Structure formats: C-alpha cells, structure tokens
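Just below is one structure, and these are the notes that go with it.
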There are 2 protein chains.
Amino acid sequence: MSQPTTKVTLADVARLAGVGVGTASRALSGSARVAPETRAKVLEVADRLHYVVSPDAASLASGRTGRVALVVPHLSRWFFGEVAEGIHAGLRGADLDLLLYPVGAVQERAEFFERLPARRKVDAVIVVAFQVLEAERRRLELMGVHIVAAGGQSAAYPYVRIDDYVAGRQAMDHLLFLGHRRIAMLEARDPDQPDLDPPRSDAYVEALRENGIEVDPELVVVGDWGGEQGAQGMSRLLSLRTPPTAVYAHSDEVALGAVRTIRRAGLDVPRDISVIGIDDHPLAALTDLTTVRQPAHEQGRRAAEMLIGLLRGDPGVDESVTLPTELVVRGSTAPPRG
Amino acid sequence: MSQPTTKVTLADVARLAGVGVGTASRALSGSARVAPETRAKVLEVADRLHYVVSPDAASLASGRTGRVALVVPHLSRWFFGEVAEGIHAGLRGADLDLLLYPVGAVQERAEFFERLPARRKVDAVIVVAFQVLEAERRRLELMGVHIVAAGGQSAAYPYVRIDDYVAGRQAMDHLLFLGHRRIAMLEARDPDQPDLDPPRSDAYVEALRENGIEVDPELVVVGDWGGEQGAQGMSRLLSLRTPPTAVYAHSDEVALGAVRTIRRAGLDVPRDISVIGIDDHPLAALTDLTTVRQPAHEQGRRAAEMLIGLLRGDPGVDESVTLPTELVVRGSTAPPRG
DNA sequence: TTCCGATGTGGAAGCGTTTCCATGCAGGAT
DNA sequence: ATCCTGCATGGAAACGCTTCCACATCGGAA
C-alpha cells in the first residue's frame, strides 16, 4: 500500500498541494501563520503521500536537533531505570528524542567527557544521579547547551532531587525512636566519587549526637552501593565484641545484603537486629524491609519538565526542586530486644 | 581557551590546511585514500580548531544516521536495564548512538507503532525482550531498516535469546530431583501479550508429565511479572487444602513475592516450601534464592554485535543465537519435608 | 480616494557535510 | 620518447529542510 522505497520530499508535497515549499513547511510545522484551507490542503497531501520530514535536514536548517542526551550510570539498577522512565514520561509531547549515554564504568565515564560524543547532537543534557566533577563540568559546558540534573546533587545545574540528609534523618530517627542506641551504618559510596561527606552519613552523625550518643567508628562500614557489600559489611559488624542492635544502610540493596548475612548467622530480623534502608526499591516491599521512600520516577519527570521550560525559554523555570521523602515502616525494624 | 561560540566548519579546516573540502572530508572520515602527510596536516588543523563534524549535515549528505533505536519496555526492571547496558557495550567502537524508546505502557506502545517516531532517525532497530505483534511488525517494516531482537522470541527477526523452555526445565527438573511431586507454578504473563503458551509453562507441564505426575490446575496461578503478583498468587496456593511443597516461579521477582507470603504465613523456606525462580536477579543472591541464571548483559551485547555486522553487510551474521542458562542452587530449595 | 498595516504566500539562500567527477601528475610499460 | 595507469586532489552538486525577504492582496483608517 505505501512505498517506503521512494522517499517523498517536502517539494513533492508542495507541488501536489499547489503551494510553495515555504508554505508547505509552515503548514506542516504547525506554528506559523498559514491560511486554514491552505494548511488543510497541505496536510491532506502530506498524509496521502506518507510524507515524513527528514529530521536531519530539519536540524541542519534550523539549528535545533530535537534531541536530549541522557547521561546515566548503571541503567541496570532500579533507581536509574526508574528515573530514566520518569524523564521519558516528562518529555512526552515535547517531541524530543532521548539519546542514551550510559557512563557506569569508570572508563566509559572518562571517555564520555573526553570525547563528548553528544556534541552537536543534542539541545540539552540530563545528568542522572551522579555528581559531576569540576573538570567534567567544564567539558560539559563546551557543548553549549542546557544541562539539568535529575536525582543528584550536582549543584552547578538546576536539579530535581531529594534531600539526602533528611532521608537519612528519617531513617535514623525511626531507629532511635524505637529505642536503639547502638546503631551501625553501612555507608555507600561510588568508587570514583570523591564526595567529601555524603549527607546520608551526616544524618547518622548528627542524629546520634543530638541523642547524646557517641559515634563509634567501629560501627561505620563503607562499601559501594551493591548488595554484596552490604552483606560483607554486616559480617564485619557481626564480628564485633558488641554488635549493633540496629543497622542503617544507605540503600535498600545494601540493607538486603545485611539482612542476608544476619539470617545466615542464625539471627532474626528484626528481633535480634533491626535493618532500615533508603529508596523503597520494589523488592523492599517484597522482602518486608523498612525504608525511606524517595520518588524516583517523579524526580525524572520533573527534571524533564524543567528542561522543556528551559528550552522554551520560559522565565523562572530553572529553579531547582527538592522532593519529599517518606518513612515506610515494614517488618525489618522493631524495638531492641530486652 | 576554546571558543565554543564560533562554530568551525569543514571549509575552515580545509582552508587552513590548504586543501579542498573534499580532501578534508576524506582525511577526517579516515577510510578513503589520502596521502599520509595530507591527512596528518588536516587532522592537526582540525584538532587545533576543535573541529567537530555536524552529525546532521553528515547524515543528510550520506544518508546514514549513525543512530540505532532501542525499543524497550520497563526500563526500571533489572532485566531490561541489563540488556540495554549490554547493547551499549556491544555498540562501543561502532560510533553508533542509541535513541531510547520506552514502550512499557500499553498506550505508549500503541503510540510508538502508530507514529513510528524513530522513522528516518535511525539505521536500525533493536527490540528488547518483547514479542512483536504481527500488526506491529508491519509498521516496523515501514521504516525500512535492519531489526534485531534481544532477549525475546520475536521470531520474525534475527534474535539473541535464551531457550525459555530449557530454562524452565532446569528449574523444574531441580525440584523433581529433590523429590518434590506436588509442585505449583506461578506463571507470569505480560498483560498485553497474547502469548498462546509461554515456553516456561510448557516446561512445567512436560516435566510433570515425564515424571508421571498429573497437572493439577489448582496449582497453576497466573499473574504479571511483578513481585506483588507472586505474593498474591502464593496466598492462593496456601489456601488450598493441600498446598504445594515447592513453587516454580517464572521470574525471580515473582519468586520473591512468594517467599514473602510463605514467611508471613509463619512457614519456612525451604523447610516447608521450596521456591525457585528464573533470571538470577542480583537480589536473588542477596535473598538466597535458588534460580536459573540467564545472561542478560550478554544477550544485549551479542544482539548489538549482530546489528553491527548487519549494518556492515557482513555475510551470514544474521544467524540467531540462543545462549545457555544455568541452574544456580541457593538456599530456597530443599527436599520436601517428611 | 489614498495610504497603510496586516496577512498570506513564493522562492531563494543557506545549513555543513559526503561523494562523484574531472583533472593533474608521477612513474612504469611500450 | 610516448602512452597509459592509478593515485591524490579540488570543486561542484546534491542532501531536504527552515527561514528570511519580497511581494501581492485586502480592509479599514485617514
């Protein structure tokens, strides 16, 4: 029925509609001023010929690419995938395509900022949930496009995120409220992120201090964001002369690792040890893990909407947003024994 | 130091290098025949001017876009994210960009195939892990580009996948080997996928039959791929007069839902009921879930490599691949009690 | 009536490449 | 010495659009 073989150009449409190419272009792009009947005629012909504009020609002529770069580490981890979906949702209707740049591995990341493969290919960049280093920021700016951060604390750009300190406090305050005093922390850091002091850790320290509890360095174990590290960290905590009665993990995945180790040691969660995470990963519900929920999807969506505003040149849209988090009590926390 | 303000064109480079634009283009694209010293000169000038080709102009002139569409449902679910990362890995060095098209929701999916937003924007399409309907296939082919399937049984295109029947058999055979006879199945289906009979279910039926066990319809519960459905399905199984001694779930997420329900009922996994899943989701290791591992990342990578071959016109690369799966025994399965 | 602004339109000038074709030239075969 | 081959090169012609500019037309204001 249709011939995808011969490609139909704007000139063809214009000719058959009996108008000039300029008019045809205006009629199709919708915005410009064209007489209603002329527009109708052009659209009718375009439809009949199965006309599809050539995005490359349009980009070349207009200088706009209609694309957005999505720079994201670790697509395979729930949070990032969820944010990415949120971004896609927020971009709907804006007629923008997403160019995907996974930069999980150190080398990939270095290469991305080195080569800047998105250069000249996008109108904007969304950086998902990672801290952009100073040197990287400078490279990024060579692209000369809008940049927003989704789910990260890249303070240099407009962002949508949660308050990690508050999230951490919600977790810690819950444990403290339950009566725990000997609380361990499984701190997560990205291998190549030179965070000085993650806010989620500050929350630990300050929550303890406010409750008159000394920070015991033995009770703080650092690892990456993976569950395996949580499991190992927990082993270390269990080997202490006096293990903690509760564990605050920086993420649900880390928390689940801890739970496994506790169970393998023949102990019970939460009777012997309480465990709390952060994220509200879908599996947290399935594993009955108490956690602090953060709106992953929404962070993506809001960031995308912000970007659209920026591209349109709306005034005042570049105001960063911090979304609320929420304690979700499940079965992995309880008052300490005794 | 650099001026991202003024855009440098090929003509500028050519002029400063003292060559024609044709020669400059050939020198930069690398492949064509250019005298070594000429090429060196051009490259040097290009580098000095921070020249970056305009992908749009190049696409327009050459007819190649240098982009690949990645059509994927549910980015936020581990398997899809992992396959996507694999695809990205497989594409490295090929200088191809990935255009992301999430089509998780029914409406999104319909809209994608209706509007075909990737039309004229890509040289190829990778469809991740979902069955392309006949009508969708016809739409897709309007694009007139190569298509491959990663991690799905879309038989119409070259694919890389696992054998779902075999994976199911590995799970079932393990349970049977342990001595279970009353085995339930938590069957997962995509809400809008009119699979007749999923191979993972066939495996259940045939494994039982081969072992002389009648299929008890009560023991088969259907849901979607989410953990919640696994939890609910398990409730139903527990309400039977004679609950199963083992549960075969179509995915790890479903299996974990089942485990939660079993535990909440005060029963023990695996002492009272064994549970096995499929996937080897990272959290399966953390929750000690026995499962059948499938190489998600590799499916993506291989599909991407296949695509590169197709685009290069290599002969014989369009041969589909089926990767092996592997039983991973952990702590959620044991012989039946008694 | 004349003039003016608003509105709709056609067409040309880019946009920045790739690629084809013609040309120049060196060197080996005759 | 002459011819031919083949490589390296310059330049022009697409590629298919957007957008600017100029022009025509039409009412209404003066």
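The values are calculated or read from the model by the stated rules, or taken from the named source; none is laboratory data. Because the structure is predicted, anything quoted here is derived from the model rather than measured. Every residue, glycine among them, receives a Cβ derived from its backbone with ideal geometry; neighbour counts consider all protein chains shown. Only protein heavy atoms, including side chains, enter the accessible area calculation; ligands, DNA and RNA are left aside. Shrake-Rupley method; radii C 1.70, N 1.55, O 1.52, S 1.80 Å.
In the full protein context, chain B carries 44 Å² of accessible surface per residue, based on a 1.4 Å probe and ignoring ligands, DNA and RNA. Based on every Cα atom in segment B:10-53, Rg and the maximum pairwise Cα distance Dmax equal 8.8, 23 Å. In the protein assembly as shown, Rg over Rh equals 1.01, where Rg is the alpha-carbon radius of gyration and Rh the Kirkwood radius from pairwise Cα distances. Look at the stretch A:53-62: the mean tally of other chain Cβ atoms within 10 Å of its residues' Cβ atoms is 6.
Hey, what D do you get for segment B:34-92 in µm²/s if you plug the Kirkwood alpha-carbon radius into Stokes-Einstein at 25 °C and 0.890 mPa s? Stokes-Einstein gives a translational diffusion coefficient of 163 µm²/s. For chain B, the longest principal axis of the alpha carbon atoms and the long axis of helix B:78-91 meet at an angle near 30°.
Across chain B, Cα-Cα distances exceeding 36 Å account for 37% of all pairs. Shown here for segment B:220-309: trypsin sites (Lys or Arg not before Pro) in loop regions (DSSP other than H, G, I, E, B) with at most 11 other Cβ atoms within 10 Å, namely B:241, B:271. As a length-normalised measure over Cα pairs under 8 Å and 6 or more apart, the relative contact order of chain B settles at 18 percent. Taking the three principal axes of the alpha carbon atoms in segment A:241-290, the coordinate ranges are 33, 18, 15 Å, sorted in descending order. All other residues with a Cβ under 11 Å from the Cβ of residue B:54 taken together, and with Lys, Arg as +1 and Asp, Glu as -1, what is their net charge? Value of the local net charge: +2.
The overall shape of segment A:175-261, judged from the alpha-carbon gyration tensor, is oblate: a/c is not under 1.5, and a/b is no greater than b/c.
To put it simply, the accessible area of segment B:164-294 at a 1.4 Å probe is 50 percent carbon and sulfur.
Quick one: net charge around residue B:160, please, counting Lys, Arg +1 and Asp, Glu -1 for every other residue with C-beta under 14 Å from its C-beta.
Computed value for this residue: -4.
Its alpha carbons considered, segment A:205-338 gives a radius of gyration followed by a Dmax of 18.4, 61 Å. Just going by the charge dipole of the protein assembly as shown, with Lys and Arg at +1 and Asp and Glu at -1 on Cβ, which of B:49, B:150, A:254 is farthest out on the positive end? It is B:49, whose Cα lies furthest towards the positive end. Within segment A:214-295, the GluC sites (Glu not before Pro) that combine a DSSP coil assignment with at most 10 other C-beta atoms in a 10 angstrom radius are A:214.
If you count, for every residue in A:281-292, the Cβ atoms of partner chains within 10 Å of its Cβ, what is the mean? Each step should come with its number before you reach the end.
Working: counts 1, 10, 13, 1, 6, 16, 9, 4, 0, 0, 0, 0.
Mean partner shielding for this stretch: 5.
Sorted from longest to shortest, the spans of the Cα atoms of segment A:1-115 along the three principal axes equal 57, 32, 26 Å.
Taking K and R as +1 and D and E as -1, what net charge do the other residues with C-beta under 13 Å from the C-beta of residue A:127 add up to?
Around residue A:127, the charge tally is +2.
With respect to chain B, whose longest principal axis is taken over its alpha-carbon atoms, helix B:296-312 is tilted by about 40°. Bridges between two residues of the protein assembly as shown, per DSSP, are antiparallel at a rate of about 10%. Mind giving me the nanometre distance, one decimal, between the label points for residue B:11 and residue A:241, set 7 Å out from Cα along Cα→Cβ? Using points 7 Å along Cα→Cβ, the separation is 8.0 nm. Simple point charges give the picture: +1 on the Cβ of Lys and Arg, -1 on the Cβ of Asp and Glu, and for segment B:164-294 a dipole about the Cα centre of about 620 debye. Counting every Cα pair in segment B:92-209, what percent are over 23 Å apart? Tail of the P(r) past 23 Å holds 43 percent of the pairs. Buried area at the A:B interface is about 4700 square angstrom, summed over both chains, from accessible surfaces computed with a 1.4 angstrom probe. Summed over qualifying helices (DSSP H, 4 residues or more, each -39500 (n - 2.57)) and divided by its residue number, chain A shows a 222 nm mean residue ellipticity of -13000 deg cm²/dmol.
Counting Cβ atoms of other protein chains within 10 Å of each residue's Cβ and taking the mean over peptide B:121-131 gives 1. Simple rule: put +1 on each Lys or Arg Cβ and -1 on each Asp or Glu Cβ in chain B, find the dipole, and look at B:328, B:71, B:212; the Cα lying farthest toward the positive end is B:71.
Restricting attention to segment A:73-152, which trypsin sites (Lys or Arg not before Pro) occupy a DSSP loop and are surrounded by at most 16 other Cβ atoms within 10 Å? Hits after loop and neighbour filter: A:92. Summarising the strand pairing of chain A, around 10 percent of its internal DSSP beta bridges are antiparallel.
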